[in-house]
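Below: the structure, in structure tokens.
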Amino acid sequence: MANFKDIPDFAPSATLWSAAGAPAASACAAASARRAGARRRLDPRTSLAVLLMLNLIAFAPTKPWTEVAAVALCAVTMIWCGRASAALRWLAAYAAVFGASMAVAAFPNEVTASFAAMIVVFRRVFCVGMFASNMIATTRVGEMASALQRAHVPRGGVVALCVALRFFPTMGKEFSSVAEAMKVRGMALSPATVLRHPALTAENLMVPVMSRLAIVADELSNAAIVRGIDSAAERTSYYELRFGTADALFAALFAAVVACVALIKLGVIA
């Protein structure tokens with residue numbers, strides 16, 4: 001008997017599903033949700049909308065408090081999704097970046113001037129990376145594909161975004177694996193090692209990672225072809241996407257921050 005977890009997330013309905021198989025699809029979605037545990041997650045369409053709003057906040061001239069509000073909302077979202085430890089790490093990193101930017105602004109000189117713009121830009125886009133990491137960690141590839149299809153995104157865009165959603169976490173794992181292998185061989189990846197042997201460290205880290213990522217990219221493309229990504233048949237998904245109260249609440253909160261940024265830009269808010 002076939003196991004539900006062996007069925008691909010995203011495949012041609014002509015191959016996998018029939019009209020009589022719709023109840024089985026719903027049962028599969030329910031079983032998948034039970035296996036996923038009690039971790040909550042936002043609807044992928046809500047996550048994409050929030051990510052767009054955060055980009056508007058990051059690249060619009062605004063006040064520091066709007067950036068802090070955006071980061072705080074991202075932390076609340078991560079905590080609601082059951083990732084409190086990750087939220088604390090991101091907040092600690094943002095506090096360090098924010099403190100560095102304030103220090104550069106308070107003590108301007110020729111040395112800090114070259115880093116000032118870079119630190120400020122990094123501080124502005126921090127909320128985008130923070131929310132994107134949570135979206136990648138909590139969104140299934142099948143859910144994202146279904147959401148993009150319902151938004152009538154071209155097939156090429158769906159494939160690219162779904163591959164990216166799977167590729168970046170894999171890339172992080174590959175870096176961790178190579179770093180562990182370097183530690184076993186007596187060349188732990190540390191600031192002291194990088195300063196003493198920069199070229200050797202880069203060679204030992206990047207060459208295996210790039211080689212492995214090339215293999216992973218090939219495996220992902222093969223998996224997509226096996227799942228019928230190039231088929232012209234109409235596609236479906238066993239994930240049922242629904243907007244919930246939390247989706248509406250978080251979307252409204254982030255929209256409120258965007259509205260504040262717009263009002264500051266128009267001069268309504270000083």
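So if I check each of C81, C28, C74, which one is in contact with a helix residue (DSSP H, G or I) (Cβ under 9 Å, 6 or more places away or on another chain) and at pLDDT below 65?
Exactly one residue qualifies, and that residue is C28.
So A223 fits all but one of (1) more than 24 Å from the chain's Cα centre (by Cα); (2) over 30 Å from W65 (Cα atoms); (3) free of Cβ contacts under 8 Å to residues at least 12 places away in the same chain; what number is the exception?
In the conditions (1) more than 24 Å from the chain's Cα centre (by Cα); (2) over 30 Å from W65 (Cα atoms); (3) free of Cβ contacts under 8 Å to residues at least 12 places away in the same chain, A223 misses (1) alone.
Pairs needed: first member in region 145-167, in contact (Cβ under 8 Å) with a residue 40 or more places away in the chain; second member anywhere, of a type in the set (G, A, S) and buried (at least 19 other Cβ atoms within 10 Å of the Cβ); C-beta distance under 6 Å; at least 6 residues apart or different chains.
S146/S237; C162/A145
Looking at the structure I just gave you, is T236 touching a residue at least 12 places away in the same chain (Cβ under 8 Å), over 22 Å from the mean Cα position of the chain (by Cα) and within 30 Å of R150 (Cβ to Cβ)?
Answer is yes for this residue.
Working only within region 158-176, note down all residues that are of a type in the set (S, T, Y) and over 13 Å from the mean Cα position of the chain (by Cα).
The answer is S176, and nothing else.
I'd like the residue in region 56-96 that is among the polar types (S, T, N, Q), in a helix (DSSP H, G or I) and crowded, with 16+ Cβ neighbours inside 10 Å and, out of all such residues, is farthest from the chain's Cα centre (by Cα).
Filtering region 56-96 for residues that are among the polar types (S, T, N, Q), in a helix (DSSP H, G or I) and crowded, with 16+ Cβ neighbours inside 10 Å, the one farthest from the chain's Cα centre (by Cα) comes out as T66.
The values are calculated or read from the model by the stated rules, or taken from the named source; none is laboratory data. This is a predicted model, so every value here is computed, not measured. We place every Cβ from the backbone using ideal geometry, glycine too, and count neighbours over all the protein chains shown.
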